[in-house]
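Report on the structure given below.
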């Protein structure tokens, strides 16, 4: 009996790390899928805007999504929640940017849903604190903005 060989896609991060990612996982990214379809994947695919640690997180989620293809939706949602809830703010920001660049819609939606949950039902001051936003409105400027 022959074992099925998994084709690996080589990816180079902006910090020079090389990642070998199973094709079934890598092509969940529309960007990578198009590159793989258009070019022979002998050479590493350079991703000049994404660090290795962020790529690792993105492909961890893609791997789980592939594993969960036939799983009940509740099992997938539970894992998704645990995955994004465990991310620190910087990692979440990086993953939002990476999922957008890589065109991984499900991951982008998941991360944006997490950010929205961090904003929901908070006043302006709490949102500023949560996201480390400096209030640069002049005195009374927020009131004028809210009237718009």
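Each value in this text was obtained by applying a stated rule to the coordinates, not by laboratory testing. No experiment lies behind these values; they were computed from the predicted model shown. Because the Cβ atoms are built from the backbone with ideal geometry, glycine has one as well, and the counts that use them run over all protein chains shown.
Shape summary: the stretch 8-133 maps onto an equivalent ellipsoid whose semi-axes, from the alpha-carbon gyration tensor, are 28, 18, 11 Å in decreasing order. Using alpha carbons only, how many degrees (0 to 90, rounded to 10) separate the axis of helix 52-67 from the longest principal axis of the chain? Around 70 degrees separate the two axes. To the nearest ten degrees, helix 73-85 and the longest principal axis of the Cα atoms of the chain are 60 degrees apart. Taking the number of Cβ atoms within 10 Å of each Cβ as an exposure proxy, the fewest-first ranking of 13, 99, 29 is 13, 99, 29. When the helices of the chain are scored as -39500 (n - 2.57) per DSSP H run of n ≥ 4 and the total is divided over every residue, the value at 222 nm lands at -17000 deg cm²/dmol.
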